[in-house]
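Student: I am attaching a structure below and will ask some questions about it afterwards.
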Amino acid sequence: MSVRLDAAYRSAAVRAIAGTGAGTEFDVLVVGGGVVGAGAALDAASRGLSVALVEARDWAAGTSSRSSKLVHGGLRYLEQRDFALVREALRERRLLLQRLAPHLVRPVQFLFPLTHPGWERAYVGAGVALYDSIGGARALPVHRHLSRGRALELAPSLRPDALTGAIRYHDAQVDDARLTMTLARTAAQHGATVLTRAEARGLLRDSGRVVGARVHDVRSGVTHAVRARRVIGATGVWTGGLGSAPFTIRMSKGVHVLVPRSLIRLGTGLVTRTEKSVLFVIPWGRFWLVGTTDTPWQGDPDRPAATRGDVDYLLAHANALLREPLRIEDVVGVYAGLRPLLAAAGTSETTKLSREHAVAQPEPGHVIVAGGKLTTYRVMAADVVDVAARGLGRAVAPSLTRHLPLIGAVGHHELWADRADLAHRAGLPVSTVERLLGRYGSEITDLLALMADDPELASPLGGGYLAAEAVYAVTHEGALDLDDVLARRTRIAIEYADGGAGVAARAAELVGEHLGWDASSRRAAVAAYREQARAESAALARVTLAPA
């Protein structure tokens, strides 16, 4: 049985971190619950180390829920001749697709329109052929060259005069927030103590060494001295906030917009070069995800904000290819995230900074990792744990995570093959079972059990999500409030124009019993969420209604 990150688990986790001291300590304390921190906790726990993972907000509350949601090598890095990075990323893509998370990571086709006859087909074709062959060879179908006529059959929304032909290739995509949460759950399954709403507010030192951190439990208001032989900082754009760092992080803002799927008739995703980077049009359920920008951000890392200029940039580059232009009022949602890039001397443009990562030990007992990208989280995690494991006084196994399927992976293929019978037995449409398998893998059996016990949970919550998914979010996936449920366990917050305010009351009814909420607490939770949603809707309106 998989671990349940429910209220009882959280209480036990708080007791575990509060119990260090008087000769007891963790081997490793990981600070930061993004994809790299969760990956590091899993890596260390699977090596037999005692591990605690603390996150100030929720799993993936920062950058790790605001990416382009692609698992890819990055074609543009080939053009920058960063072959090692592309090879590494494509190897990780293959592992995720085939072994680690086949239930979460799935292939996606892209069309690369060609705009110049002759030389461009040869140039881009050579790059995509290399992309097919290094690192991730045989993981996905190889690319195909398409005539203009064939490209327009696949993508009738493209303007005929916007392309001379195209190249079709494959990459992969993932719900980044679900991947991060699943990593944290899998770490807990392997013995790690994982805890959200637990903010590391300072390091503990003894005789010139870091020996732990002061961790504030946001829920209770109590601060605990958590002792550990090593503290790993995996805090992304917040690097340096907990002790010094020997390198500088430069924040790059990436903005994405969501538009209804019905507005663009494409049988694939779309990728095109811009003057600064690349633009993706990515299928995302009932929507297209259009992104991204790549601009320096010097503001508060807690509050990256999109501007009208960001949205205009994205729509303008998409519209350069489309028969029927997207309008600003077509935008359903906007989100902005920050990439933590390693700074390079003499470079002010974030588009020219590498996506490679670095590991450093600024002082004894304290190891930090920074940089990198979503696709290579596992390599980053293994590298930082390798450094942290040195000098622990006993042999520590090498990283095992390349062989370690995440929760929900084992049995997924068999259930997918049996999905029609599974749907029949559950009384659900096959399409619903397919969607659930793509979010939960073999853990779908737990959701079906919830619905069998309470058939009302098979009813819609909104946006294609079922009521059972909200309940499962708090009984198994560590969600502690409506924002966790609607913004990261589901993605209703970005997929609804009202940010999910309209389903907040129903969600509160579903999860309140499991979170110990009485009627007053439920009303307060709904009011707080709706206020947050109104503020975010107002921010969207300021962007989409502002003068161009």
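Student: About the Cα centre, and with charges only on the beta carbon of Lys, Arg (+1) and Asp, Glu (-1), how big is the dipole of segment 256-350? Nearest 20 debye, please.
Tutor: It works out to roughly 380 debye.
Student: Residue by residue, what Karplus-based ³J(HN,Hα) values in Hz, rounded to whole numbers, does segment 457-470 have, using 6.51, -1.76 and 1.60 with θ = phi - 60° and x for Gly and Pro?
Tutor: Once rounded to whole Hz, the list reads 6, 7, 7, x, 8, x, x, x, 7, 9, 4, 4, 5, 5.
Student: Next question. I need the P(r) histogram for segment 434-524: all alpha carbon pairs, bin width 10 Å from 0 out to the longest distance, whole percents.
Tutor: Histogram of Cα-Cα distances, whole percents per bin: 17, 53, 27, 2.
Student: What does the charge count near H317 come to, summing +1 for each Lys or Arg and -1 for each Asp or Glu among other residues with Cβ under 14 Å from its Cβ?
Tutor: Summing Lys and Arg as +1 and Asp and Glu as -1 gives -1.
Student: Let me ask you something else. Please give, to one decimal in nm, the separation of the simple spin-label points placed at S157 and S521, each 7 Å out from Cα toward the Cβ.
Tutor: Distance between the two pseudo-spin positions: 4.4 nm.
Student: Continuing with this model, one more query. How much of the accessible area of the chain, probe 1.4 Å, is carbon plus sulfur, in whole percent?
Tutor: Percent of accessible area from carbon and sulfur atoms in the chain: 52.
Student: Give me the one-decimal nm value for the distance between modelled label points at L404 and R425, 7 Å along each residue's Cα-to-Cβ direction.
Tutor: Roughly 3.1 nm, to one decimal.
Student: Mind running the shape call on segment 444-496? Use the C-alpha gyration tensor, a ≥ b ≥ c as the square roots of the eigenvalues: rounded below 1.5 for a/c, prolate if a/b tops b/c, oblate otherwise.
Tutor: oblate
Student: Hey, what's segment 425-544 come to in accessible area per residue, 1.4 Å probe, Å²?
Tutor: So segment 425-544 comes to 39 Å² accessible per residue, rounded to a whole number.
Student: Would segment 219-293 count as rounded, prolate or oblate if I go by the C-alpha gyration tensor, calling it rounded below 1.5 in a/c and otherwise prolate when a/b exceeds b/c, oblate otherwise?
Tutor: Prolate.
Student: Still on this model: If you average the alpha carbon positions of segment 502-548 and of segment 58-80, how far apart do those two centres end up, in angstrom?
Tutor: Centre-to-centre (Cα) distance: 28 Å.
Student: Can you tell me the length gained on complete extension of the stretch W119 to R506, counting 0.36 nm per residue apart and subtracting the Cα distance?
Tutor: 133.6 nm
Student: Which far-off residues, 5 or more places away or on another chain, put their amide H under 5 Å from the one on R209, with H placed in the peptide plane?
Tutor: The answer is none.
Student: Sticking with the crude label model, points 7 Å out along Cα→Cβ, report the distance from R219 to R205 in nm, one decimal please.
Tutor: Going by the 7 Å Cα→Cβ label model, 3.3 nm.
Student: 222 nm [θ] for the chain, helices only, -39500 (n - 2.57) per DSSP H run of 4+, per residue, to 500?
Tutor: Calculated at 222 nm, the ellipticity per residue is -10500 deg cm²/dmol.
Student: So, R0 is 56 Å and r is the distance between the beta-carbons of D6 and A320; what FRET efficiency does that work out to, to 0.05?
Tutor: Efficiency computed from Cβ-Cβ geometry: 0.70.
Student: Which whole-number percentage describes the relative contact order of the chain, with Cα contacts under 8 Å and a sequence gap of 6 or more?
Tutor: 19
Student: Over the alpha-carbon set of the chain, work out the extent along each principal axis and list the three values in angstrom, largest first.
Tutor: Dimensions of the chain along the principal axes of its Cα atoms: 73, 56, 50 Å.
Student: What shape does segment 20-92 have by the C-alpha gyration tensor, where a ≥ b ≥ c are the square roots of the eigenvalues, rounded means a/c under 1.5, and otherwise prolate means a/b greater than b/c and oblate the rest?
Tutor: prolate
Student: Here's another thing I want to ask about it. Accessible area of E477, 1.4 Å probe, to the nearest 10 Å²?
Tutor: Accessible area, nearest 10 Å²: 0 Å².
Student: Turning to a different aspect of this structure: If you stretched the chain out fully between R286 and A541, how much longer would it get, using 0.36 nm times the residue separation minus the C-alpha to C-alpha distance?
Tutor: Result for the pair: 89.7 nm of gain on full extension.
The values are calculated or read from the model by the stated rules, or taken from the named source; none is laboratory data. Bear in mind the structure is a predicted one, so any value in this text is a computation, not a measurement. Every residue, glycine among them, receives a Cβ derived from its backbone with ideal geometry; neighbour counts consider all protein chains shown. Protein only, heavy atoms only, side chains kept; ligands, DNA and RNA dropped before computing areas. Shrake-Rupley method; radii C 1.70, N 1.55, O 1.52, S 1.80 Å.
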